[in-house]
1. Name the one entry in B:ARG54, B:ARG31 that is in the same structural domain as B:VAL139 (by TED's automatic domain parsing), closer than 21 Å to B:ILE282 by Cα and surrounded by fewer than 22 Cβ atoms within 10 Å (Cβ to Cβ).
2. Residues that are of a type in the set (A, V, I, L, M) and touching a residue at least 60 places away in the same chain (Cβ under 8 Å): does the range A:173-184 have at least one?
3. Just to be sure, is A:ALA171 within 30 Å of A:ALA89 (Cα to Cα) and within 14 Å of chain B (Cβ to nearest Cβ)?
4. Considering the range B:229-272 alone, what residues qualify as being within 21 Å of B:ALA159 (Cβ to Cβ) and touching a Ser or Thr at 6+ places or on another chain (Cβ under 7 Å)?
5. Which of the residues belonging to the range B:297-317 are farther than 29 Å from B:LEU35 by Cα and not aliphatic (A, V, I, L, M)?
6. Just to check your reading of the model, which residue among B:SER357, B:SER294 is buried (at least 21 other Cβ atoms within 10 Å of the Cβ), outside the structural domain of B:GLY149 (by TED's automatic domain parsing) and hydroxyl-bearing (Ser, Thr, Tyr)?
7. With respect to B:LEU262, is the statement that it is touching a strand residue (DSSP E or B) at 6+ places or on another chain (Cβ under 7 Å) and assigned to a helix (DSSP H, G or I) true?
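The values are calculated or read from the model by the stated rules, or taken from the named source; none is laboratory data. Owing to the predicted nature of the structure, the values given are computational and were not obtained by experimental measurement. FYI the Cβ positions are ideal-geometry reconstructions off the backbone, even for glycines, and counts take in every protein chain you see.
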Amino acid sequence: MMQSPSPTSSTVADSDSDKPVAPAHAAPVETTPATGDEHSFDAPLSIHDMTVAYHRKPVLWDVDLDLPEGRLIAIVGPNGAGKSTLIKAVLDLVPMVSGRVLVYGKPYRRQRALVGYVPQRESVDWDFPVSALDVVTMGSYRKIGWLRPVTRKWRDLAMESLHRVGMADYAHRQISQLSGGQQQRVFLARALVQQARIYFMDEPFAGVDAATEKMIIRTLQDLRNQGQTVVVVHHDLQTVPEYFDHVILLNMRVVAHGPVKSVFTAENLQKTYGGRLTLLDEAAEALRRAGGK
Amino acid sequence: MILSHLLFSSLGQITTDLLLRVLFLDDYNTRVVVLGVMVLGLAGGVVGGYMLLRKHALLGDALSHSTLPGIAAAFMVMASFGGSGKSLPGLLLGATITGSAGVGCVMLIRRYTRLKEDAALGIVLSVFFGFGIVLMGFVQRMKAGSAAGIETFIYGKTAAMLASDAQLIALVALICVGLCALLYKELKILSFDPAYTATQGWPVLLLDGLMMAMVIGVTVVGLQAVGLILVIAMLIIPAASARFWTHRLGRMLVLSAVIGALSGWMGASISALLPRMPAGAIIVMVAAGAFVISLFFGQQRGVVARWVRYVQLQRQVGLQNLLRTCFELVETRQLQHDEDGHPRIPFNMLLEAKSWSPRYLRRLLKRADHDELLNTLPQAVIELTDTGMVEARRQAREHRLWELYLITHADIAASHVDRGADMIEHVLGTEMVLQLEKLLEQQSHPVVPATPHRI
């Protein structure tokens, strides 16, 4: 029943070493991988020929990706492009029609402990009778194990994590009494407490205040600087170059992926948004963002 | 209790003595029944708490209605094999089978069609229940066995309960409460965030199945006592009531268990005294009483508690606005002062300053007078007291510090500040004011910065 993955595998051990991670702009320019089977086995995440469909309607086609380690990676694309679905398929939350997902060279199911997940904030009922600290502690439940109670040690760990996102003062608040930005930070803290190697975050900047956005991106950059890989579904094209090292342009297929500098071009964006990125779309996007605040 | 007293005096048959005997479990048979239902209420409270939070409340309703064909079919099978057909374990087994099948159908419909959950629930509930009624029709016509008493499963009849039935309830209740205690943390994370729970490697399907099994267990053993139409109430009402009192899951579950047990105890006791009253209905009425009390008086989310908090904030805001306006008038107008330098402000001047109605302003002034912040003089003039002046100065100062903060640190146009500031400044704590002073490099008390916009 316990599915604790073995972090002792050599690939993981290698990535745990303290080798300094090159800053984003100095990263070697990688080209969009051509189709083929040359997947690197110690990539934090490699996706092979993933196809996902809802009720026979394909949502993702032939996604084939290797993600580099220690980068901050954005998944960008229009509404309905399958950004969230990509993450959910990787995390085995929606079934794949075909395809294979490897985390550090092994099937995801055996590597769960290395993978942290921050779902969309709206995906849960914030009226649930628990405190912020309770929610963050949930990130440790798997390590605590079946039937064992949550002890002081784990609560302290959760407290530390809350501290890291500037929410220590709100630890004992019921979660509905937190603002949207604070709730997002609690979710982030819950993922951090797990001490994963690769994190997936579904729109962590949706509906949060400016201060929280800055705080979250700083935390993600810290993770990156420590060598972790962070994959973020992102909606705001304007902040992509500022926040991220790598970008995956997605519209049912991977249009392009690689370092922001080389891939995040007008031409690729045009391809991703299919000419739909008119002024009106941009305005609608701006409105969506403003409305979320 | 009052209700029962009224009913009894009108019946004029039952003595207070008997009432006390029943309520305090003197009689062996009553004791068995009442204890059984009480334990059922307790388990229903705990299991229902999780069910409610997992948002499966209506699934429980579909489940209980789906037990009817099982009961009828079990009777027919047992009777055709020569028994009386009324062996309780056999009937409950039948109920469990079709109840589980009902839940399974809901799951399948939701999984493989585009119908939404509410439609799936409606279909399963009515089809299974209708099928049950049809089977009941056949049962009534069967020659073998005596069908009398089978229909008690629809409305429930505690009097029919035997000691062995109560023991069965107690056993199921013990298992459920034990599992909920052991799996407290697992069920908590599952109910809060099932998708995340799955990514963490917990077997969500197994945990969900376990939770559903507990709901089925409580429902099936509760059928005889409460009836299949109302058994859902024992799962939902105590849990929903408990939620009004606390924001903590553990406390909520304990409270839910207590409310469930009390409802079961009182409901079963009362129904034991009223021969023709179905226990299920009385139990639900008692639980509904607990729910109404919780709805109004619940400490955390009760209507009264929230109303009181709202009124208090309104009062505070009103008074602070009044004082600030007084300060602004003192600052900008030529006012008369008394010999000790207390400013006098005409009522009409205050009325013009803000969009207050005369009635509201008079009420504000009365309250401020009562708090000794000002004195109401004849000829519609008020005079600030020493305390009033200090308070007014403080209010104006905090208001302006907040406005300055918003302008300098939050990129908000000055013309829009007043409204935003109005909302938050009323709840600024001392520490926040100190922070504001530091941020804005303002001298501390008593300098009031100039207002950043026209008053």
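1. Unique residue meeting the criteria: B:ARG31.
2. No, the range A:173-184 contains no residue that is of a type in the set (A, V, I, L, M) and touching a residue at least 60 places away in the same chain (Cβ under 8 Å).
3. No, not satisfied.
4. B:VAL231, B:ALA268, B:ILE270, B:SER271, B:ALA272
5. Matches in the range B:297-317: B:GLN299, B:GLN300, B:ARG301, B:GLY302, B:ARG306, B:TRP307, B:ARG309, B:TYR310, B:GLN312, B:GLN314, B:ARG315, B:GLN316.
6. Of B:SER357, B:SER294, the one residue that is buried (at least 21 other Cβ atoms within 10 Å of the Cβ), outside the structural domain of B:GLY149 (by TED's automatic domain parsing) and hydroxyl-bearing (Ser, Thr, Tyr) is B:SER294.
7. no
Yes or no, residue by residue, for (1) buried (at least 19 other Cβ atoms within 10 Å of the Cβ); (2) more than 24 Å from B:GLY44 (Cα to Cα); (3) touching a residue at least 12 places away in the same chain (Cβ under 8 Å); (4) not hydroxyl-bearing (Ser, Thr, Tyr):
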position	(1), (2), (3), (4)
B:ASP61	yes, no, yes, yes
B:THR67	yes, no, yes, no
B:ALA73	yes, yes, yes, yes
B:LEU91	yes, no, yes, yes
B:VAL103	yes, no, yes, yes
